[in-house]
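Report on the following structure.
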């Protein structure tokens, strides 16, 4: 496993552990919440940004036909995106800002990201 992959796993675990047990952003359920990345995880500029990683229960992450981030129903996905834009405009704006970072390119500093995450959780 490369050093790059080790850092990704380490940082993903920190975020996952932080989100686990937090209430679902949509319904408030604390059962089986997982981190949902408002910006696709492949974009490292936002992968561990807690402003755009939100807790979702399985229903609102994957299965609801009404509102879910990764529902098999495209209308439920659109409803989720619109819901975030309406209720959390600062999160939606941050996603747009991160997308801009992708176009301009960023350099990943693993140690800084790790230190920032740990500091956030100690507050």
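The values are calculated or read from the model by the stated rules, or taken from the named source; none is laboratory data. The shown structure was predicted, so the numbers you read here are calculated from the model rather than taken from an experiment. Using ideal geometry, Cβ is built from the backbone for each residue, glycine included, and neighbour counts are taken over all protein chains shown.
Worth pointing out:
- Residue within region 59-72 that is part of a helix (DSSP H, G or I), under 25 Å from residue 120 (Cα atoms) and in contact with a helix residue (DSSP H, G or I) (Cβ under 8 Å, 6 or more places away or on another chain) present: no
- Within region 21-45, the residues that satisfy the criterion of being in contact with a strand residue (DSSP E or B) (Cβ under 7 Å, 6 or more places away or on another chain) and either under 21 Å from residue 77 (Cα atoms) or in contact (Cβ under 8 Å) with a residue 60 or more places away in the chain (or both) are 23, 24, 25, 26, 33, 34, 35, 36, 37, 38.
- Residue within region 7-18 that is in a loop (DSSP other than H, G, I, E, B) and closer than 30 Å to residue 110 by Cα present: no
- A residue that is surrounded by 15 or more Cβ atoms within 10 Å (Cβ to Cβ), at pLDDT 95 or above and assigned to a loop (DSSP other than H, G, I, E, B) occurs nowhere in region 43-55.
- Within region 9-20, residues that are free of Cβ contacts under 8 Å to residues at least 60 places away in the same chain and on the phi < 0 side of the Ramachandran plot sit with their Cβ atoms under 9 Å from residues that are exposed (fewer than 13 other Cβ atoms within 10 Å of the Cβ) and not in a helix (DSSP H, G or I), at 6+ positions apart or across chains, in these pairs: 9/1.
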